[in-house]
Amino acid sequence: MALQLTLSCDLDKSQTGPTLIHSTGVEHYKIPPEVIRTLQENFSNDRLSDHAEGVLCEDAPQRVLDVLRRNGFSLQKQTTGDQKALWTLVQSGGGGSHDGGHQPVPPPAPQPTPSDENEGDAGGEENNEEGGGEGEGEGEEEEEEKEE
């Protein structure tokens, strides 16, 4: 299920804020902890406060929109009315850490450093090459013996 957020702001403060962020269609406008964490990582705590309908951010809506877009949300619609500007954002994939939707992908495992076993393999390849050379050398020695 997709997570949906609504941002709202008074029309006359749409360039400066504050911006109200709340979950759409969720009882008591609860915002998931991962969204609150995202807001806290991008805005100082003195810019964020609890509100009866969600979280109030003292920044302009455009800045809040930019932060949420960088964190997996996309703008679904923008409307104005009743002296308010509203933005509806959607995050697909559920957005919760329980489904792994936003877990970082682990980096690939480092290549193993050569161990004694690997060095032995590499040495074996060299020995094969040298072995061919030794065989030729032995053949030459035999030829030298025949000449004597």
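Every number here is computed from the coordinates shown, using simple stated rules; none is lab data. Not measured: the values here are computed from a predicted model. In this analysis, Cβ positions are derived from the backbone assuming ideal geometry, glycine residues included, and neighbour counts consider all displayed protein chains.
Taking K and R as +1 and D and E as -1, what net charge do the other residues with C-beta under 11 Å from the C-beta of Q83 add up to? Don't skip to the answer; put the middle values down first.
Numbers: positive: K13, K84; negative: D10, D12, D82.
Result for the local shell: -1.
Using only the Cα atoms of region 3-93, what do you get for the radius of gyration and for Dmax, in Å?
11.8, 34
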